[in-house]
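Trainee: Supplied in structure tokens, the structure appears directly below.
The values are calculated or read from the model by the stated rules, or taken from the named source; none is laboratory data. All figures in this text were calculated on a predicted structure; none of them were measured in a lab. Ideal geometry is used to build each Cβ from the backbone, glycine not excepted, and the neighbour counts take in all protein chains shown. For accessibility, only protein heavy atoms count, side chains too; no ligands or nucleic acids. Shrake-Rupley method; radii C 1.70, N 1.55, O 1.52, S 1.80 Å.
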Amino acid sequence: MHASPNREARFESVANEVYEPLQRYLGRRARPEDVSELLNETLLVIWRRLDDLPPDDVRPWAYGVAKRCLANQRRGNTRRLRLVGRVSATAATNAQANGLSAADSDHPELSIALAELDEVDRELVRLWAWEQLQPREIALVLDTTANAVSLRLSRAKKKLAISIERQNRERPGHVTFGHRKEIES
């Protein structure tokens, strides 16, 4: 589907008007490495909502779009930080349950465990943990049912736990209770 020449000309006119002000606006509020991505996202929203632009000064409206894009990015960053906290807490709990110190939980077991999942299960876990979506929301993203998501997510979490536990058992110098008698004999 091609855009009409009038629509393209309108967008080009708006983009020329708001590009530099938005770049400065975002530059004062975001990390320098994020400004370009945020600006592109803002311009994409403006393109999609071109028919919603106010007839007079579009800059305040464009600032509002940029503000929401920035807020979305910050929420995503906050979710990722919470995920790191949750993963660290889970890894520390698993480490303590296996007789390991909390410092031992900084190993890449989770990355290895995620890599062992198939792509669909990895995406399910990411949507659940990183994006903090509920199964019904994940179902909408993946075009499936919430029940199917719940079942697959449950299985994926069990696979992750088994993989992490296996990795902990296989660590050099680590002795599990089941193998202690063999070593003492």
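Trainee: Are any residues in region 1-42 within 18 Å of R74 (Cα to Cα) and open to solvent by less than 60 Å² (accessible area, probe 1.4 Å), and if so, which ones?
Mentor: L22, Y25, L26, G27, A30, D34, V35, L38, L39, T42
Trainee: Determine whether E123 is charged (D, E, K, R), assigned to a helix (DSSP H, G or I) and open to solvent by less than 70 Å² (accessible area, probe 1.4 Å).
Mentor: On the way: charged (D, E, K, R): yes; assigned to a helix (DSSP H, G or I): yes; open to solvent by less than 70 Å² (accessible area, probe 1.4 Å): yes.
Considered against the rule, which asks whether it is charged (D, E, K, R), assigned to a helix (DSSP H, G or I) and open to solvent by less than 70 Å² (accessible area, probe 1.4 Å), E123 comes out as yes.
Trainee: Also: Within region 127-137, take every residue that is modelled with pLDDT of 80 or more and open to solvent by less than 70 Å² (accessible area, probe 1.4 Å) and give me the one that is nearest to K158 (Cα to Cα). Write out each step before concluding.
Mentor: In the first step, residues of region 127-137 are kept if they are modelled with pLDDT of 80 or more; the result is 127-129, 132-137.
Still in the list and also open to solvent by less than 70 Å² (accessible area, probe 1.4 Å): 127, 129, 132-133, 135, 137.
On the way: L127: 16, A129: 14, Q132: 18, L133: 19, P135: 16, E137: 21 Å.
The selected residue is A129.
Trainee: Let me ask you something else. Can you pull out the residues in region 152-179 that are at pLDDT 80 or above and either surrounded by fewer than 13 Cβ atoms within 10 Å (Cβ to Cβ) or of a type in the set (F, W, Y) (or both)? Before you say what the answer is, go through the steps one by one.
Mentor: Filtering region 152-179 for residues at pLDDT 80 or above gives 152-166.
Correct list: S154, K158, I162.
Trainee: Would you check if there is a residue in region 104-112 being open to solvent by less than 60 Å² (accessible area, probe 1.4 Å), at pLDDT below 85 and within 17 Å of the chain's Cα centre (by Cα)? Break it down stepwise before answering.
Mentor: Step one: list which residues in region 104-112 are open to solvent by less than 60 Å² (accessible area, probe 1.4 Å), which gives 104-105, 109-110.
Filter once more, so that each one left must be at pLDDT below 85: 104-105, 109-110.
From the residues that got through so far, the ones that are within 17 Å of the chain's Cα centre (by Cα) too are 110.
Yes.
Trainee: Against the conditions (1) modelled with pLDDT under 85; (2) open to solvent by less than 70 Å² (accessible area, probe 1.4 Å), where does V141 fall short? Just the number, please.
Mentor: Single failed check for V141: (2).
Trainee: Scanning region 48-63 for residues that are open to solvent by less than 70 Å² (accessible area, probe 1.4 Å) and modelled with pLDDT of 90 or more, which turns out nearest to E8 (Cα to Cα)?
Mentor: Among those that are open to solvent by less than 70 Å² (accessible area, probe 1.4 Å) and modelled with pLDDT of 90 or more, it is L50.
Trainee: Output the qualifying pairs, or none if there are none: Cβ atoms under 6 angstrom, residues six or more apart or on different chains, first residue in region 132-157 and part of a helix (DSSP H, G or I), second residue at pLDDT below 90 and open to solvent by 70 Å² or more (accessible area, probe 1.4 Å).
Mentor: Within 6 Å, the pairs are A146/R136; L153/W128.
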